[in-house]
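The structure appears below as structure tokens.
The values are calculated or read from the model by the stated rules, or taken from the named source; none is laboratory data. Note that the coordinates shown come from a computational prediction; the quantities given were computed from them, not determined experimentally. Every residue, glycine among them, receives a Cβ derived from its backbone with ideal geometry; neighbour counts consider all protein chains shown. To get the accessible areas, we keep the full protein, side chains included, count just its heavy atoms, and leave off ligands, DNA and RNA. Shrake-Rupley method; radii C 1.70, N 1.55, O 1.52, S 1.80 Å.
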Amino acid sequence: MKCISFNIKKAAAVILSAAILPSVAFAQLGADEMTKLGVSGTELTPMGAIRAGNADGTIPEWKSEPIAGESGGDSLADPFADEKPLFTITAANHKEYADKLTPGQIAMFKQYPDTFKMNVYPTHRTGAYDQWVYDATLAQAKNVKVCDEFKTESKVCLKDDIPGGGVPFPIPKSGEEVAYNHYLAFKGLSVDQMVDGALIDSNGNRTDVIMHQRQIYPYWFPADSKIRSTKWYNRDGIATLCDSWQVEKPPRSSGLVFGGCNYVRDFDFQVYLYIPGQRRVRKAPEIGFHDSPSFASDGQRTVASRWMHYFGGKNTRFDFNKPVRKEIFVPYNNYKLTNKDTKFSEIFGKDHVNQDLIRYELHRVWVVDTTLKSGLRHLYKRHTAYFDEDTWLGLAYEAYDAKDRLWRVGEQYNAFIPGANITTPVGDIQLDLINGRYTTFPYWQYQAGKDVGFGGPRITSKEEDINFNIQIFTPQGLRKFGRR
């Protein structure tokens, strides 16, 4: 009876909260806001970025035409190979540029004054897409909302979404809407690639973790898609991401593979793991969950910092501050990292990634600061993330410990892929300022593809072009991929 009484009180509290919070419920864009968005002649781009350049002329106007070229092959051509840096920021002069640097970058100058630098190049707004991606975004923005339970229960979910994808909130009104834009940023319908999650210890010793990664993004599939009609992908609304990593190297972990999806109405990752030594498939709820160690990261990288920010679970543990748009020097157009002949030994230095390979540009970014909710546990008390206004991809982050000390910092290196007409991460760094170790998320697709003879990434924007068995994302199908 006591339990029943408690549940009734809890339910009443939820209903009351919903009743008194209608003004903060997130709504689709109105007609006046929609007129600001468009491919040409509007204040904002279809993705919600400011179309115009900045007053100083250091950020150009956005153009809708993607860079011409082919996405196939083992490497990408660098369209800006002949450009020279405008200037270089170092530990000696970084204070002159402090208003356009992140706290993480400033910390790197202080910790590694002799080796960390930022070569700043002319800005190119290469974040452009095919017309159907813009159409989907404009259609979705008229309908989709963050679910009411986000405010009442901290539940991470959307409602009233329509088939066909689209960045949901091109004119964001809250930090959580920015985070959703980032999570659902268009990176293709499917990806099949080899990746390396390199681990570098405090002495500069490196372990390469080569994995075969397969992904699909059912949220972006059209209404008549076969995948949308399949039960596993259509539960809890529709799957937003289905992901699988299969370890190839080192040999002691070879054959370990997971596969699973999360969904529009349920952000928990429904993931299963095949363990070669046991020859069995088991549910793996710790994968994709808040501050649990990221797969194959030796405990040095958490799920919370995937892509520089990740909700990480059915119910968020963080409060989101109002987003701020700023001009910051960020990694951009990092084509030097898409050359298969750039060796791992050249990329990964003792203390951090080789800064001679990283291109920085001045861009407008969305900054979202999140703080841990009272009474909840997480490795990070505060997490700040930076998102590109043109693509919504992550660019950098900082994570703070329980004593408000800056603990971990990260940067993500993106590049536009012509032909596929997407922008996607091709590398990153996630560095622990306390223990001196750094890790990289499984990227470096071109070098990893060469390492195992796979070639470059295979990215598709059409369902019929998917070239692998999508059953790897299901527990039944995963058994067929397992090997000793």
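With q set to 0.11, 0.19 Å⁻¹, the log10 of I(q)/I(0) for the stretch 71-193, from the Debye formula over equal scatterers at the Cα positions, is -0.68, -1.04. Rolling a 1.4 Å probe across all protein chains gives Trp307 an accessible area of roughly 20 Å². The label-point distance for Lys100 and Asp356, in a model that sets each label 7 Å from Cα toward Cβ, rounds to 2.5 nm.
Going by amide H atoms built from the backbone, whose H comes under 5 Å of the H on Ser254, apart from near neighbours? Amide H neighbours of Ser254: none. Per-atom-type breakdown for the chain gives carbon and sulfur 52% of the accessible area (1.4 Å probe, protein chains only). Think of a 1.4 Å ball rolled over the protein heavy atoms: the chain then has 40 Å² of accessible area per residue.
D by Stokes-Einstein for the stretch 296-386, Kirkwood Rh over Cα pairs, 25 °C, 0.890 mPa s: 154 µm²/s. Annotation: amide H of Trp407 within the under-5 Å range of Ala399, Tyr400, Asp401, sequence separation 5 or more or interchain, hydrogens built in the peptide plane.
Computed extension length for Arg252-Thr42: 70.1 nm, one decimal, from 0.36 nm per residue of separation with the Cα-Cα distance subtracted.
Figure note: Glu43, Glu286 ranked by solvent-accessible area, largest first, 1.4 Å probe, ligands and nucleic acids not counted: Glu43, Glu286. Heavy-atom accessible area with a 1.4 Å probe sorts Trp366, Trp407, largest first, into Trp407, Trp366. For the chain, the mean residue ellipticity at 222 nm estimated from helices alone is -4500 deg cm²/dmol, where every DSSP H run of n ≥ 4 contributes -39500 (n - 2.57) and the total is divided by all residues, rounded to the nearest 500. Of the GluC sites (Glu not before Pro) in the stretch 59-151, the ones in a loop by DSSP (not H, G, I, E or B) with at most 16 other beta carbons within 10 Å are Glu61, Glu70, Glu83. Working note: Karplus 6.51/-1.76/1.60 with θ = phi - 60° gives the stretch 98-111 the couplings 4, 6, 10, 10, 8, x, x, 5, 4, 5, 5, 4, 6, 7 Hz, where Gly and Pro are set to x. For the chain, a/c is less than 1.5, where a ≥ b ≥ c are the root eigenvalues of the C-alpha gyration tensor. That puts it in the rounded class. You can think of it this way: the chain between Asp465 and Lys173 has 101.5 nm of extra reach, that is 0.36 nm per residue less the Cα-Cα gap. 3J(HN,Hα) along the stretch 287-300, derived from phi through the Karplus expression 6.51 cos²θ - 1.76 cosθ + 1.60 where θ = phi - 60°, amounts to 7, x, 10, 6, 9, 5, x, 5, 3, 6, 10, 6, x, 9 Hz, with x in place of Gly and Pro. For Ser229, the solvent-accessible surface with a 1.4 Å probe is about 90 Å², rounded to the nearest 10.
Sorting Met34, Met211 on solvent-accessible area from highest to lowest, probe radius 1.4 Å, gives Met34, Met211.
With the simple model of a label 7 Å out from the Cα in the direction of the Cβ, Asp32 to Lys326 spans 3.0 nm. Look at the alpha carbon pairs under 8 Å that are at least 6 residues apart: their mean separation over the length of the chain gives a relative contact order of 19 percent.
Just to be sure I understand the model, the point goes 7 Å from the Cα along the line to the Cβ. What's the resulting Asp319 to Ser345 distance in nm? My value for the distance between the label points is 5.2 nm.
Accessible surface of Asp224, taken over heavy atoms with a 1.4 Å probe and every protein chain present, rounds to 130 Å².
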